[in-house]
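What follows is one structure encoded as structure tokens, with my remarks underneath.
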Amino acid sequence: MTDRRSFVRMAIVGAAGILVAACDRISQSAWGPNVLGKAEGLNRRVQALLSPSSSMAREYGEADISPVFHPNGTTMPGTPAYQALLANGFRDYRLQVDGLVRRPARLSIDELQRLDVCTQITRHDCVEGWSAIGKWRGTRLSAVLDHVGVDPRARFVVFHCFDEMEQDTPYYESIDLTEARHPQTLLAFALNDKPLPVPNGAPLRLRIGRQLGYKQAKYLARIELVSSFEDIGDGQGGYWEDQGYEWYAGI
Ligand SMILES: Nc1nc2c(c(=O)[nH]1)N[C@H]1C(S)=C(S)[C@@H](COP(=O)(O)O)O[C@H]1N2
Ligand SMILES: [Mo]
């Protein structure tokens, strides 16, 4: 157990080092290396770092990037709203951010690019039994939350997508605020140094490092801050969760 812990801790410190290199404003974040440094030798804090709420997903090198990032699920949303945006090269795209926030916003990709942008190479694991490593570039969700100001009553972030799985049943997902504020949680607009391709969720998708593929909502239309997801879809927190999948899909 001790060996495993020190191994995991080394992995965390290593991942934090990569983040320092790859990301613009990690030092301002409570997750930065200062916190890791102070935690050295302090059992309780180290314990907290090893808990699922604060661990880092492994980051990879350029050489590990999969030659093809296999698309899965929806690969071309057929809804008129999406088709209209696509026809105009997503120039009119705005991410709507609302619900329990102080300043609801409609953010263009350009505006998102002016917030805290970060690049990471992480592995995507689908329950169907395939994995792919991709290089994602995107805005930290924590920066978007700070931009709009989260109401203290909010507990979850719900991601509403453009694609419908059945008539009037759009894909959706949700995560709690701890996962939302994790430094590896991004709203990604680029994959492997190119604008996010349509099959992989253009123009914007969620990337969370530590959970399975179905949590990584593509084709983001709207982000809603809520205190409960009881009234959304069938109330289980996501399209696949409504079909019986686990809400917390840790890898
Ligand atoms: N909007 C939307 N997001 C989605 C899906 C989907 O069908 N629609 N499929 C999910 C599943 S099961 C996986 S494995 C990944 C696939 O991402 P990819 O197409 O980039 O490989 O997206 C997830 N996010
Ligand atoms: Mo998946």
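The values are calculated or read from the model by the stated rules, or taken from the named source; none is laboratory data. This one's a predicted model, so the numbers in the text were calculated from it and none came from an experiment. In this analysis, Cβ positions are derived from the backbone assuming ideal geometry, glycine residues included, and neighbour counts consider all displayed protein chains. To get the accessible areas, we keep the full protein, side chains included, count just its heavy atoms, and leave off ligands, DNA and RNA. Shrake-Rupley method; radii C 1.70, N 1.55, O 1.52, S 1.80 Å.
The figures follow:
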read-out	value
Unique match (being within 12 Å of ligand 1 (Cβ to nearest atom), open to solvent by 30 Å² or more (accessible area, probe 1.4 Å) and of a type in the set (S, T, N, Q)) among ASN192, ASN200	ASN192
Residue count, segment 234-243 (criterion: farther than 14 Å from ASP176 by Cα and open to solvent by 60 Å² or more (accessible area, probe 1.4 Å))	3
Residue within segment 151-167 that is free of Cβ contacts under 8 Å to residues at least 60 places away in the same chain and under 21 Å from GLY250 (Cα atoms) present	no
Residue in segment 114-125 that is in contact (Cβ under 8 Å) with a residue 24 or more places away in the chain, more than 16 Å from ligand 1 (Cβ to nearest atom), within 22 Å of PRO71 (Cβ to Cβ) and part of a strand (DSSP E or B) present	yes
Residues of segment 126-146 that turn out to be outside any strand (DSSP E or B) and either in contact (Cβ under 8 Å) with a residue 24 or more places away in the chain or not assigned by TED's automatic domain parsing to the domain that holds LEU191 (or both), as a count	7
Unique residue being at pLDDT below 95 and either under 26 Å from GLU62 (Cα atoms) or of a type outside the set (A, V, I, L, M) (or both) when the list is ILE251, ILE208	ILE251
Top-ranked residue of segment 116-172 - restricted to ones that are of a type in the set (Asp, Glu) and open to solvent by 60 Å² or more (accessible area, probe 1.4 Å), ranked as nearest to PRO195 (Cα to Cα)	GLU164
Strands (runs of 3 or more DSSP E) wholly inside segment 149-251 containing at least 2 residues that are touching a Leu at 6+ places or on another chain (Cβ under 7 Å) and within 16 Å of ligand 2 (Cβ to nearest atom)	156-166, 205-207
The lone exception for VAL157 - which of (1) farther than 14 Å from LEU220 by Cα; (2) aliphatic (A, V, I, L, M); (3) within 16 Å of ligand 1 (Cβ to nearest atom) it fails	(1)
Residue, surrounded by the most Cβ atoms within 10 Å (Cβ to Cβ), within segment 56-105, restricted to residues that are away from ligand 1 (no atom under 16 Å from the Cβ) and of a type in the set (Gly, Ala, Ser)	GLY99
Segment 35-73 - residue that is at pLDDT 95 or above and of a type in the set (Gly, Ala, Ser) and, of those, farthest from ILE133 (Cα to Cα)	GLY73
